[in-house]
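Asks: Supplied in structure tokens, the structure appears directly below.
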There are 2 protein chains.
Amino acid sequence: MKPVITPQDRLVLDTSLFVNPEVRNDFGKTPTEALSGFLELAEQIPSLEFYMPSSIFSELMNFVKEEEIPGRFMAILNQKSPSKHEMTCPAYLLYELIEDMRDRVNKGLRIAEKAVRSAGKEDDRELIKGMRKNYRDALREGILDSKEDVDLILLAKELNALLVTVDHGAIKWAEKLGVRWLLPKKFKDYLLSFIDDK
Amino acid sequence: MKPVITPQDRLVLDTSLFVNPEVRNDFGKTPTEALSGFLELAEQIPSLEFYMPSSIFSELMNFVKEEEIPGRFMAILNQKSPSKHEMTCPAYLLYELIEDMRDRVNKGLRIAEKAVRSAGKEDDRELIKGMRKNYRDALREGILDSKEDVDLILLAKELNALLVTVDHGAIKWAEKLGVRWLLPKKFKDYLLSFIDDK
């Protein structure tokens, strides 16, 4: 009889691990190769369970060649959305989210004003392109700004899992919710430590 | 012995009732007069308890002559912040808040782009003034956008109270949280109905 293995820990993974070159390169040169590289390690560690919110998984599929993803990948990486209609969060987080957003909105307005003042002095198309970038950066950097981010932190919370992401907004909110997180640069070493220990 | 009166209901009041002319005029010509007008009715209704979050009360004090507010006003209108560190909210509301904000942020960017394209064609100072207004309107209208708004809906939730406000963002969120709310135009009639019944 096969021995029963109780999982030692659960991990929630973000797309960024396989897409962001700084982290991805630990596993492979392209997103598809990085996935395979991760899979090779992951299947040697029966004591870890890996999860990814479905929304994040869909994002990932935009970066990889779906036909090259081995079927066993789906056995290793569980797709699951958080139970968002059953879970609750502390009400004071609403305040933090709104305060965060207000600061960003004001920053966005400053950027817009600056662009209007510069108009005519340079090519308008370039100016608008630059403004768009600055605006989006100002309004998104370090903030919880997408439902994919919320999926990540809630799923990690629900499963009492270790969150692995490059996203600063998600990390900041993981800390607010008491969710453990792992420095993504250490993700490969973390996995290897389970294999070395065997 | 005085009979014990059990309160029949609790109400959470917003500043807008005493400031917004459309509603205020039911009670008095100025915010200070409106407060007195409300007080005259309210003290005839022992079965209703009135509450206002402290943050909202501070806002109100900017609009009224503090020295003209009678002391018994403070006995009628309870100041209380919601227990925001003990209360929870359904986690899916985080998604709604974030989606709401994303839509607004994109609208803000469209407004900024339009202003840049118009620059040079009209006086820049006027253009920026107009842009600021449009931007703020687009990003705030109908959205839960301040901690005062959150105070209102959470306090109403906590007390299982009837919320009376003119703010569309707060009403929208009251509905999400199952908080009862009263059409502010009907506030005076509502109060009078308790007095007529006596």
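None of the figures in this text is laboratory data; all of them are computed from the coordinates on show. What you see is a predicted model, and the numbers here were worked out from it, not measured in a lab. Every residue, glycine as well, gets a Cβ built from its backbone with ideal geometry; the counts of neighbours run over all protein chains shown.
Asks: Place the label 7 angstrom along Cα→C-beta at residue A:193 and in each other copy, then list the distances from the first to the rest in nm, shortest first.
Replies: 6.4
Asks: Please report, in debye to the nearest 20, how large the charge dipole of the stretch A:1-135 is about its Cα centre when each Lys and Arg carries +1 at its beta carbon and each Asp and Glu carries -1 there.
Replies: For the stretch A:1-135, the charge dipole is close to 480 debye.
Asks: Could you give each residue of the stretch B:55-69 its phi-based ³J(HN,Hα) in whole Hz, using Karplus coefficients 6.51, -1.76, 1.60 with θ = phi - 60°, and x for Gly or Pro?
Replies: 5, 6, 4, 4, 4, 4, 4, 6, 9, 10, 7, 4, 5, 8, 7
Asks: A further question follows. Please work out the FRET efficiency for the pair residue A:63 and residue A:8, using the Cβ-Cβ distance as r and a Förster radius of 41 Å; give the result to the nearest 0.05.
Replies: Values: r = 29 Å, r/R0 = 0.72.
Computed FRET efficiency for residue A:63 and residue A:8: 0.90.
Asks: Extending each Cα 7 Å along its Cβ direction at residue B:186 and residue B:126, get the distance between those two points in nm, one decimal.
Replies: 4.5 nm
Asks: Taking H as built 1.01 Å from N, whose amide H comes closer than 5 Å to the amide H of residue B:50, not counting residues under 5 places away?
Replies: The list, which skips near neighbours in sequence, is B:11, B:78.
Asks: Karplus couplings for the stretch B:87-96 from phi (6.51 cos²θ - 1.76 cosθ + 1.60, θ = phi - 60°), rounded to Hz, Gly and Pro as x?
Replies: With the stated coefficients, the stretch B:87-96 comes to 6, 10, 9, x, 4, 5, 5, 4, 4, 5 Hz.
Asks: Could you give me the radius of gyration and the Dmax of the stretch A:1-70, taking only the C-alpha atoms into account and expressing both in angstrom?
Replies: 13.2, 43
Asks: Within 10 Å of each Cβ in A:94-100, how many Cβ atoms from other chains are there, averaged over the peptide?
Replies: Going residue by residue through A:94-100 and averaging, the value is 6.
Asks: Using only the Cα atoms, work out Rg/Rh for the stretch A:91-140, with Rh taken as the Kirkwood radius, to two decimals.
Replies: On the Cα set of the stretch A:91-140, Rg over Rh gives 1.16.
Asks: Roughly what would the spin-label model give for residue A:114 and residue B:47, points 7 Å off Cα along C-beta, in nm?
Replies: Between residue A:114 and residue B:47, the simple spin-label model gives 6.0 nm.
Asks: Under 17 Å from a point placed 7 Å out from the Cα of residue A:176 along the Cα-to-Cβ direction: which residues of the stretch B:168-188 have their backbone N that close?
Replies: Zone members listed by number: none at all.
Asks: Using the Karplus curve 6.51 cos²θ - 1.76 cosθ + 1.60 with θ = phi - 60°, work out ³J(HN,Hα) for each residue of the stretch B:164-178 in order, rounded to whole Hz, and write x for Gly and Pro.
Replies: 10, 8, 9, 6, 5, x, 5, 5, 4, 6, 4, 5, 4, 9, x
Asks: Counting only residues 5 or more places away or on other chains, whose amide H sits under 5 Å from the amide H of residue A:14 once H atoms are built in the peptide plane?
Replies: A:164
Asks: Over the residues of the stretch B:99-198, compute the C-alpha Rg and express it relative to 2.2 N^0.38 Å.
Replies: Compared with the compact-globule rule of thumb, the stretch B:99-198 sits at 1.52.
Asks: Now a separate question. Calculate the mean, over all residues of peptide A:127-135, of how many other protein chain Cβ atoms lie within 10 angstrom of the residue's Cβ.
Replies: Partner Cβ neighbours, averaged per residue: 3.
Asks: What is the angle, in °, between the Cα long axis of helix A:147-159 and the longest principal axis of the Cα atoms in chain A? Nearest 10 is fine, range 0 to 90.
Replies: 30 degrees
Asks: Report, as an integer, the average count of C-beta atoms from other chains found within 10 Å of each Cβ along A:78-91.
Replies: On the way: counts 0, 0, 0, 0, 3, 2, 6, 3, 3, 5, 7, 7, 6, 15.
Rounded to a whole number, the mean comes out at 4.
Asks: Which FRET efficiency value, to the nearest 0.05, is calculated for residue B:136 and residue B:85 with the Förster distance at 45 angstrom and r the Cβ-Cβ distance?
Replies: Efficiency for this residue pair is about 0.90.
Asks: What spacing in nm lies between the two simple spin-label points modelled at residue A:99 and residue B:22, each 7 Å away from Cα in the Cβ direction?
Replies: Result: 3.2 nm between the two label points.
Asks: Once you have the Kirkwood Rh of the stretch A:153-198 from its Cα pairs, apply Stokes-Einstein at 20 °C and 1.002 mPa s and quote D in µm²/s.
Replies: 191 µm²/s
Asks: Same structure again: Just the Cα atoms of the protein assembly as shown: what Rg and Dmax do they give in Å?
Replies: Every Cα atom of the protein assembly as shown included, Rg and Dmax give 27.0, 85 Å.
Asks: Next question, about the same structure. Distances in nm, one decimal, shortest first, from residue A:75 to the same residue in every other copy, taking the label point 7 angstrom along Cα→Cβ.
Replies: 7.7
Asks: Can I ask one more? Collect residues whose amide H, placed 1.01 Å from N in the peptide plane, falls under 5 Å from the amide H of residue A:45; neighbours closer than 5 in sequence don't count.
Replies: Distant-sequence amide H within range of residue A:45: zero hits.
Asks: I need the per residue convex hull volume for chain B, using only the alpha carbons, in cubic angstrom as a whole number.
Replies: Looking at chain B, the number lands at 147 Å³ per residue.
Asks: I've got another one for you. Mind listing the label-point distances from residue B:30 to the same position on all other copies, shortest first, one decimal in nm, points 7 Å along Cα→Cβ?
Replies: Once sorted, the set of distances for residue B:30 reads 7.5 nm.
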